[in-house]
Number of protein chains: 2
Amino acid sequence: MNNAQLAIDNETGHAAGVNDWLGNGQSAQIKMGNSFTTTNERTLDVHEHLFMIGDKQTHLYQILEGVIGIYKMLPDGRRQIVTFYYPGDIIGGGDKSNWTQHAEALCNAKVRCIPASTVDTLITTEPGFGQALLSMLATELEETRDQLLSLGRKSALEKVATFLLRISRRNKREGTEEGLLHLPMKRAEIADYLGLTIETVSRNITKLKTTGIIRLESKSLVSVKDISLLEELADGGC
Amino acid sequence: MNNAQLAIDNETGHAAGVNDWLGNGQSAQIKMGNSFTTTNERTLDVHEHLFMIGDKQTHLYQILEGVIGIYKMLPDGRRQIVTFYYPGDIIGGGDKSNWTQHAEALCNAKVRCIPASTVDTLITTEPGFGQALLSMLATELEETRDQLLSLGRKSALEKVATFLLRISRRNKREGTEEGLLHLPMKRAEIADYLGLTIETVSRNITKLKTTGIIRLESKSLVSVKDISLLEELADGGC
DNA sequence: GTTCTGAATTGATACATATCAATACACAGA
DNA sequence: TCTGTGTATTGATATGTATCAATTCAGAAC
């Protein structure tokens, strides 16, 4: 998760996240007080856009399957992917009325669409929901700042190591194998996320491979052989 | 501002920002319902730290004077400044319990300290305050994502142009001269913000100068001679 | 005024990553 | 199985920025 689970619910002691109100996608209904709102799902093919920059922000989206890439572009075509959203993550939640970047499915994906009006209602009627949103945004800001450190100050090898480590840590949080990393995106998308070229990403993956830190089970499946060496590289060689 | 002024107050039609509740620093009192909370000011010398990474987040800070730089570091000393906070800006507002970066005064500065407990109270008692915080964080996230685009995909010259343009636009918003830019920070700090070295920053400022786009009134005072050329450069040469 | 000191600028060179180009690979369709 | 096509890898070279080094500049202290 991206992640909305930091606001502590004082009564139960469990972490109250945005998903506690929005559900996990099993049900198409969201309970608000004693009324319900119905949500609908949307399926996206690879490369299909969920929204484009400037589009009206009519909904929040909860990722159910697949990965969505959020990106900005320069007029000459240079692209910077600012986030990858994974299942469980929520896109949106700020109060901007229009999207300020593009959102594209990097593989086949499914999202649940939650009307912005529902969110507005939840904020006023459900105590704690606004807090959970705040928490989610704070986490997202924090992760974006980490990415600034990568882009501004790390070498290509360190960037790639950091990227892999981030996936590993997500796996750990989600309870899946932290040493087996599935890369649902292409090298070009990793490059646009790390501020590198395809070739440099490829060369540095190869370097990690020949060093014995990782093994390439396939082009999109990496197994980590030495996680502490990977961490050392990611955190700046010291 | 950084900026908390996007939530629209439906009754007055004016932009409701966090500062509407926290005041502008003239008064040391914050009204909450019919009770008051007293805040205190803190003065910082150049290079003095407001907080360090890991410190307990006991307060929010409202910048009254000067500029505060927020930064992350790698163990070997490489530094990335993630934001500059200016007068009117609020530092904090997420719900993290500890600071995840360092905050240092880049020149003599003054801040107002607002206890975290006061913020918690305001969220529950003052309708709209939570929304304003949400709005502030969303704006901050958006600006950080713009910076990702700069760091990941722009050339040194474009980065410097973007940096200057950002100051110009802040001036415009604040109602001061958009063509006259005061740089309260040193070249080293600009470099650590843009992911460059001091020398590269200096060379590119010189380049903008010899091109006639800017004029250096002094080392820390820039006047913009051709703002549309500066914009063209900043947005990626097209 | 002179001297001192940190900061900024400028120059020469090194180096990391981009660019251009050529395979190699893997999977889909015939 | 073969062929076609998009993707990844690898190689050779170019280039932008970092690094190392030397002035220059501006303000503070005397």
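The values are calculated or read from the model by the stated rules, or taken from the named source; none is laboratory data. Keep in mind that this is a model prediction, so the values were computed, not measured. With ideal geometry, Cβ positions are generated from the backbone for all residues, glycine too; neighbour counts draw on all protein chains shown. Note: areas computed on protein heavy atoms with side chains; ligands, DNA, RNA excluded. Shrake-Rupley method; radii C 1.70, N 1.55, O 1.52, S 1.80 Å.
A 1.4 Å probe, protein heavy atoms only, puts the accessible area of B:M136 near 0 Å².
Heavy atoms only, 1.4 Å probe, whole protein assembly: order B:D89, A:D20 by accessible area, highest first.
Numbers: B:D89 0, A:D20 80 Å².
Order by accessible area, largest first: A:D20, B:D89.
With the cut-off at under 16 Å, measuring from each backbone N in the range A:88-103 to a point 7 Å along the Cα-to-Cβ line of A:A116 picks out A:91-103.
Helix A:116-125 versus the longest principal axis of chain A: what is the Cα-based angle in degrees, 0 to 90, to the nearest 10? Taking the Cα atoms of chain A, the angle to A:116-125 is about 70 degrees.
Rounded to the nearest 10 square angstrom, A:Y61 shows an accessible area of 20 square angstrom against a 1.4 Å probe. If I take every Cα pair under 8 Å that is 6 or more residues apart in the range A:42-181, average their sequence separation and divide by the length, what percent do I get for the relative contact order? That works out to 26 percent.
Ranking B:A156, B:N98, B:T118 by how far each Cα lies toward the positive end of the dipole of the range B:57-210 (charges on Cβ) leaves B:A156 at the top. Relative to the current alpha-carbon distance between B:E143 and B:L180, full extension at 0.36 nm per residue lengthens the span by 11.1 nm.
Where the only charges are on Cβ atoms (+1 Lys, Arg; -1 Asp, Glu), what is the dipole of the range B:7-142 about its Cα centre, to the nearest 20 debye?
Values: 9 positive and 16 negative charges, 65 e Å.
Computed about the Cα centre, the dipole is about 320 debye.
Each principal axis of the Cα atoms in the range A:40-98 has its own extent, and those three values, largest first, are 36, 26, 16 angstrom. Take the convex hull of the alpha carbons in the range A:85-145; its mean projected area over all directions comes to 4.9 nm².
Taking the accessible area of the protein assembly as shown, probe 1.4 Å, and keeping the other protein chains in place, the carbon and sulfur fraction comes to 51%. Dividing the Cα radius of gyration of the range B:196-238 by its Kirkwood radius returns 0.98 for Rg/Rh.
What is the log10 of I(q)/I(0) for the protein assembly as shown, computed with the Debye formula using one identical point scatterer on each Cα and no solvent, at q = 0.12 Å⁻¹? Values returned for q = 0.12 Å⁻¹ are -1.17. Simple spin-label estimate for A:E48 and A:T206 gives 3.7 nm between the two label positions (7 Å along the Cα-to-Cβ direction from each Cα). Chains B and A: what accessible area do they bury, summed, in square angstrom to the nearest 100, with a 1.4 Å probe? Its buried surface, counting both partners, is about 4300 Å². Loop-resident trypsin sites (Lys or Arg not before Pro) (DSSP state other than H, G, I, E or B) in the range B:143-238 with no more than 15 further Cβ atoms inside 10 Å of their Cβ: B:K219, B:K225. B:A109 sits among other residues whose Cβ lies under 10 Å from its own Cβ, and their net charge, with Lys and Arg +1 and Asp and Glu -1, is -2.
Under the simplified labelling scheme, the B:K172-A:D76 pair shows an inter-label distance of 2.3 nm, with each label point 7 Å from Cα along Cα→Cβ.
Distance cut-off 32 Å, Cα to Cα: go down the list A:K96/B:K72; A:K219/B:K56; A:K209/B:K154; A:K96/A:K209 and report the pairs above it. Pairs exceeding the cut-off: A:K219/B:K56; A:K96/A:K209. Estimated from helices alone, the mean residue ellipticity of chain A at 222 nm is -11500 deg cm²/dmol (sum of -39500 (n - 2.57) over DSSP H runs with n ≥ 4, per residue).
In the range B:78-101, which residues become less accessible by 20 Å² or more once every protein chain is in place, relative to the chain on its own, using a 1.4 Å probe? The answer is B:R78, B:Q80, B:V82, B:D95, B:K96, B:T100, B:Q101 - residues whose exposure falls by at least 20 Å² when every protein chain is included.
Summarised in one figure, the compactness ratio Rg/Rh of the range A:154-234, Cα atoms and Kirkwood Rh, is 0.92. Taken residue by residue and averaged, Cβ atoms of other chains lying within 10 Å of the Cβ of B:152-161 number 4.
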